[in-house]
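Peer 1: Below you will find the structure I want to go over with you.
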Amino acid sequence: AVPVFASNGKSEMVNVAHRGASGHAPENTMAAFEKAFEMKADFIEIDVQMTRDGRLVAIHDTTVNRTTNGNGFVGDYTLEEIQQLDAGSWFGEEFAGERVPTFEEIIDEYRGKIGILIELKSPELYPGMEEKVAEALIERNMHKPSNGKIIIQSFNHESVQLSKQLLPNIPHGVLAGLTWADVTDEQLAQFATYADFFNPNMNIVTEDLVDRVHLAGMEIYAYTVRTQEQADNLFELEVDGIITDFPEYVYRHPVKN
Ligand code: G3P
Ligand code: CA
């Protein structure tokens, strides 16, 4: 059969823009989130950490060195200090002046417009971070059984468990790096006691893994896609979603009617 490729910005696979559309704009900035929204991604993925004065901000590395014009640990900056940094110029001069956004400004701007996949990044460095995320969502009434457009995930599985206790109606995911290539059915069943997603590095995804995650009752979104070929392979393996720097790679895939 001739595949029918989606031309309407919809795909069978959920399209998650990794750190925003970070192939096109500086990661974890409003510019990258806006680009993802314009590109009709289903979700933006954001990396949440905490400043010295206990404010939630979106930035990936535990230092500001790579993605801003500053130096040092995120947790050593106050919000006011970190927001004086330029988080855009490293990617391109046209992005000069992009700031490190707060978690609250992101959810206020994008709730109801695009899904938000919240990664609790290095939560072991930031005691109380799960509670702060939960408070921000509860204050905005975003913690109710919803349309599934908010998901919380982390590589720190204890943090996922704690967050799930605080926000039982929000879907949660465990992130799984390369060391989880041989994850057993028992481990998947254990994850499924608190998680709704098993989100692995794409290099450990096999048909068998996809089947076993589904049998355990979870969904599977694979990270981080940076080429069309990688998106095509994951589509063949029937993952539920891909987390990609380039949301456009998802749209080549057939939408079954
Ligand atoms: O969403 C999954 C992916 O973002 C995990 O890796 O290092 O890009 O946060 P990383
Ligand atoms: Ca991430």
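Each value in this text was obtained by applying a stated rule to the coordinates, not by laboratory testing. Note that the structure is a prediction, hence the values are computed from the model and not measured. All Cβ positions, even for glycine, are placed from backbone atoms using ideal geometry, and neighbour counts span all protein chains on display.
Peer 1: Could you go through the stretch 165-170 in sequence order and give the Karplus-derived ³J(HN,Hα) for each residue, using 6.51 cos²θ - 1.76 cosθ + 1.60 with θ = phi - 60°, rounded to whole Hz, and x for Gly and Pro?
Peer 2: 5, 6, 10, x, 8, 9
Peer 1: Whole-Hz ³J(HN,Hα) for each residue in the stretch 62-77, computed from phi via Karplus 6.51 cos²θ - 1.76 cosθ + 1.60 with θ = phi - 60°, x for glycine and proline: what do you get?
Peer 2: Along the stretch 62-77, the couplings run 7, 10, 8, 4, 6, 10, 9, 8, x, 9, x, 7, 3, x, 9, 9 Hz.
Peer 1: Here's something else I'd like to know. Can you put MET142, MET30, MET13 in order, fewest other beta carbons within 10 Å first?
Peer 2: MET142, MET30, MET13
Peer 1: May I pose another question? Relative to the present Cα-Cα distance, how much length would full extension add between GLN190 and THR78 at 0.36 nm per residue of separation?
Peer 2: 36.5 nm
Peer 1: Right, here's the next one. Take every Cα pair under 8 Å in the chain that's 6+ residues apart, average their separations, divide by the length, and report that relative contact order as a whole percent.
Peer 2: 22 percent
Peer 1: What ratio of Cα Rg to 2.2 N^0.38 Å holds for the stretch 117-257?
Peer 2: 1.07
Peer 1: Within the chain, how many Lys pairs that are eight or more residues apart, or on different chains, come under 12 Å at the alpha-carbon?
Peer 2: Close lysine pairs under the 12 Å cut-off: 4.
Peer 1: Out of all DSSP beta bridges with both ends in the stretch 14-252, state the antiparallel percent to the nearest 5.
Peer 2: In the stretch 14-252, DSSP labels about 15 percent of beta bridges as antiparallel.
Peer 1: Where does each of HIS60, HIS214, HIS18, HIS253 land when they are ranked from fewest to most other beta-carbon atoms within 10 angstrom?
Peer 2: Result, fewest neighbours first: HIS214, HIS60, HIS253, HIS18.
Peer 1: Which Rg and Dmax, in Å, describe the Cα atoms of the stretch 197-249?
Peer 2: So, for the stretch 197-249, Rg and Dmax equal 10.3, 30 Å respectively.
Peer 1: At 0.36 nm per residue, and after removing the present C-alpha to C-alpha distance, how many nm does the segment from THR206 to GLU124 gain when stretched out fully?
Peer 2: The span from THR206 to GLU124 would gain 26.5 nm if fully extended.
Peer 1: Next up: Restricting the calculation to Cα positions, tell me the Rg (one decimal) and the Dmax (whole number) of the chain in Å.
Peer 2: Taking only Cα atoms of the chain, I get Rg and Dmax of 17.8, 58 Å.
Peer 1: Can you list residues from other chains, or at least 5 along the same chain, whose modelled amide H is less than 5 Å from the amide H of VAL14?
Peer 2: Those lying under 5 Å, H to H, from VAL14 are GLY241, ILE242.
Peer 1: If neighbour count is taken as other Cβ atoms inside 10 Å, put SER122, SER154 in order from fewest to most.
Peer 2: SER122, SER154
Peer 1: Another one. Rounded to the nearest 20 debye, what is the charge dipole size of the chain about its Cα centre when +1 sits on each Lys and Arg Cβ and -1 on each Asp and Glu Cβ?
Peer 2: 520 debye
Peer 1: Helix-derived [θ] at 222 nm for the chain: sum -39500 (n - 2.57) over DSSP H runs of at least 4, divide by residue count, nearest 500?
Peer 2: -7000 deg cm²/dmol, from helical runs alone.
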